[in-house]
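Note sheet for the following structure.
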Amino acid sequence: MGDEEGPRCIVSDPAHPHNVSRRDNYKVKHNCFSCGKNDVSWELRGFTDNFHYYCTICDIEFHRRCLQIPSKMIHPYHPQHPLTFTFVSYETKIVVDVNYGDFCTFLCRSGLNMPEYLQTIGSKSNIIFDKCTLCGNVLSEWFYRCSICNFFLDFRCARNFPPLTIQNPRSHHHSLALFRRPVSFPCDACGLINLLDPSYACHQCDYMVHKSCVDLPRVIKITRHPHRLSHTPHLPTKVSLCRVCYKHVDIKYGQYSCTHEGCTYVVHSKCATHRKIWNGGELEWAPEEPDETEAIAPFKKVGDGLIQHFCHHLHILKLEKYDRVRDSAKQCQACMRPISSQDFYNCMECDFFLHEVCANLPRKLEHALHHHPLFIDPYPLYDHDCGNLACSVCFRKSSGLMYRCREEECVGYEQFQLDLNCVLVPEYFTHKSHAEHHVFISPSYSEENEALCQGCKKRVYNYHLHCSLCEFVLCYECATIPNEIHYKFDEHSLTLSYGESGVDDKYWCEVCEKGLDPTEWFYINKESCTTIHHKCLFGDSGYMKPGHIFDYCGNKVEVVGNGSSSRPICLTCQYHCPHHKKHEKTHLPSIGRAFDGVKLLS
């Protein structure tokens with residue numbers, strides 16, 4: 001008989017656990033508490049364990065395997081009811097409460113497949129479940145469940161026993177004890193109620209905190225604010241809105257706030273530490289970073305209205321006043337939009353143009369759409385693989401400047417990058433399509449929080465803008481459509497219409513010559529009765545500069561403009577090509593479906 005101390009007795013109170021001891025080759029007094037058998041050996045795939053465990057206090061015994069994966073257990077996350085080991089077949093929709101040892105041994109010896117085995121069991125259930133109650137992950141075929149209240153734990157959570165006490169927590173000056181019941185009042189660290197998150201308590205101070213909030217960092221830095229933020233248990237003054245979700249902040253509970261004099265920036269604890277908001281760095285003992293403004297300036301002043309910009313450093317750029325003369329050849333090399341209604345920089349030696357706003361954007365940027373600093377690629381106009389041409393937020397392909405993340409986790413084929421049109425969208429503003437309320441950058445980035453864009457009517461899963469008071473949602477592609485644009489065949493400008501209600505007239509698109517739904521977004525010039533789909537004006541390559549060369553599947557490909565006034569019929573879609581040549585013999589058909597106008601060079 002061996003008396004070495006073993007793991008916890010699975011039926012003992014987690015707050016006052018009993019340790020079980022090991023016995024070798026000893027006559028079993030009782031049946032195994034888990035599987036109900038009294039044999040010492042537990043045979044599986046030819047392997048035999050000739051020892052078991054026992055608890056002298058509870059006077060019960062266990063096979064080793066049954067103790068590791070018991071059929072039933074009392075778990076600290078759900079101490080009020082026992083949890084039962086459960087297998088589910090998603091093929092047959094059958095739920096079976098089984099003993100793990102019997103289940104594996106039977107399958108091994110019988111050679112039955114899973115559906116055949118389930119037919120021999122004959123135990124069915126109409127239980128509805130799909131995720132672990134604690135961590136939210138999708139349940140696999142093996143898990144534990146409570147048959148009384150449908151509480152579910154996946155294997156990882158079921159085998160993860162939380163500490164009963166936590167010494168020296170970051171969030172409090174006393175030790176904390178596990179509170180083994182769901183807490184229906186706000187956590188003192190985050191101000192939220194979460195019945196699924198285990199809580200710890202300090203009864204001396206009447207302090208309650210979620211397990212996930214026990215070790216919240218003291219000092220952090222997020223890209224949405226230039227200063228560091230400190231976690232405070234409460235605020236002395238009234239603050240109205242969280243600067244991430246733009247919902248009310250209750251000053252009685254913990255939040256992150258800026259300690260700089262005169263700065264009232266505040267963020268909910270959970271918003272500030274969201275994986276898409278915070279980079280995970282704790283800065284409590286880290287020194288303040290030096291100001292790098294001068295080192296990363298985008299240009300040098302070389303005279304009155306003359307600059308040397310980092311992306312066109314060989315020539316001098318001169319500031320020009322917009323003269324309201326339309327010139328389709330003048331296109332900003334940064335944002336790829338026409339030079340219109342803005343002052344711009346003009347190269348004194350070649351056809352290179354930059355909007356004044358684009359020229360002043362810093363080389364290093366901390367933007368609300370990403371939790372790492374972003375840097376402008378100094379050579380965006382040279383060859384790139386086509387996979388690197390798309391913005392990570394609006395998914396448009398562009399040959400303009402891109403802000404890119406240099407962190408290892410964000411570098412690769414799917415490197416995070418922002419085009420300048422998305423960069424210039426404010427964090428919190430009023431969009432003309434929804435003037436009654438403000439919209440803001442939504443902190444929801446998962447597929448579970450899908451929404452319908454009110455502009456293009458497409459499903460939005462990732463980055464988008466959300467109304468602070470209603471369910472209005474806007475994707476970044478729609479949010480960055482210009483309100484006014486010039487069409488080359490019309491002397492008057494076109495204005496973006498956000499849909500018209502109660503219109504009986506039939507509209508036709510001047511470009512594709514197809515019908516146009518007036519309830520959807522489109523461009524219109526009421527003076528000349530011109531209406532155009534906004535997709536037809538931009539196409540797939542509206543932000544691709546003619547003459548730009550990039551790599552595509554090992555081939556050199558050039559973006560080409562349309563020099564034909566007849567707009568030939570596309571060989572693939574059988575409609576008039578919007579405004580670029582497409583699918584000619586010199587084009588790659590697969591590329592033609594991705595870009596409006598391309599030409600194979602090699």
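Taking R0 as 22 Å, what's the FRET efficiency between GLN167 and ARG218 from their Cβ-Cβ distance, rounded to 0.05? So the FRET efficiency works out to roughly 0.80.
Order the following by accessible area, largest value first: TRP521, TRP142, TRP508. Probe radius 1.4 Å; ligands, DNA and RNA are ignored.
TRP508, TRP142, TRP521
Tell me the carbon and sulfur percent of the accessible area for the stretch 185-267, rounded to whole percent, probe radius 1.4 Å. Solvent-exposed carbon and sulfur of the stretch 185-267 make up 56 percent of the total.
For the stretch 480-536, please report how many Lys pairs fall under 16 Å Cα to Cα, leaving out neighbours fewer than 8 apart on the same chain. Lysine pairs meeting the criterion: 4.
In debye to the nearest 20, how big a dipole does the stretch 297-358 give about its Cα centre with +1 on each Lys and Arg Cβ and -1 on each Asp and Glu Cβ?
Magnitude of the dipole: close to 120 debye.
When the surface is traced with a 1.4 Å probe over the full set of protein chains, HIS315 keeps roughly 50 Å² accessible.
THR84 contributes an accessible area of around 20 Å² to the protein surface, as traced by a 1.4 Å probe with all chains present.
Ranked from largest to smallest solvent-accessible area, with a 1.4 Å probe on the protein heavy atoms, ARG224, ARG22, ARG159 come out as ARG159, ARG22, ARG224.
With a cut-off of 15 Å, note down the residues of the stretch 512-537 whose backbone N falls inside the zone around a label point 7 Å from the Cα of LEU452 toward its beta carbon. Within reach of a label on LEU452: 519-521. Stretching LYS545 away from LYS514 to a fully extended chain increases their span by 8.5 nm, per 0.36 nm per residue minus the current alpha-carbon distance. Sequence-ordered 3J(HN,Hα) estimates for the stretch 354-367 from the Karplus curve with 6.51, -1.76 and 1.60 and θ = phi - 60° stand at 9, 4, 4, 4, 5, 5, 8, 5, x, 6, 10, 9, 9, 10 Hz, glycine and proline given as x. Apply the a/c threshold of 1.5 to the C-alpha gyration tensor of the stretch 297-358 and tell me whether it is rounded, prolate or oblate. Prolate, because a/c is 1.5 or more and a/b exceeds b/c. In this structure, the amide hydrogen of PHE143, modeled 1.01 Å from its nitrogen in the peptide plane, lies closer than 5 angstrom to those of THR86, counting only residues at least 5 positions away or on a different chain.
Pairs LYS247/LYS457; LYS318/LYS397; LYS397/LYS545: which are spaced more than 19 Å apart, C-alpha to C-alpha? In this structure, LYS247/LYS457; LYS318/LYS397 lie more than 19 Å apart at Cα.
The largest-to-smallest principal axis extents of the Cα set in the stretch 426-477 are 27, 21, 19 Å. Taking only protein heavy atoms and a 1.4 Å probe, the accessible area of the stretch 480-536 is 46% carbon and sulfur. The alpha carbon radius of gyration of the stretch 217-280, expressed as a multiple of 2.2 N^0.38 Å, is 0.98. Counting only heavy atoms of the protein chains and using a 1.4 Å probe, LEU314 has close to 140 Å² of accessible surface. Of LEU424, LEU319, LEU374, the order by accessible heavy-atom surface (1.4 Å probe, DNA, RNA and ligands excluded), from most exposed downward, is LEU424, LEU319, LEU374. Return the carbon/sulfur percentage of the accessible area of the stretch 297-358, one whole number, probe 1.4 Å, all protein chains in place. On the stretch 297-358, the fraction of accessible area on carbon and sulfur atoms equals 48 percent. Normalised per residue, the accessible area of the stretch 217-280 is 50 Å², obtained with a 1.4 Å probe and no contribution from ligands, DNA or RNA. Averaged per residue, the stretch 298-341 has 61 square angstrom of accessible surface, using a 1.4 angstrom probe with ligands and nucleic acids left out.
The values are calculated or read from the model by the stated rules, or taken from the named source; none is laboratory data. Just so it is clear, the structure is predicted and the values come from calculations on it, not from any experiment. Note that we place each Cβ from the backbone using ideal geometry, even for glycine, and neighbour counts take in every protein chain shown. The area values use the complete protein model at the heavy-atom level, side chains included, leaving out ligands, DNA and RNA. Shrake-Rupley method; radii C 1.70, N 1.55, O 1.52, S 1.80 Å.
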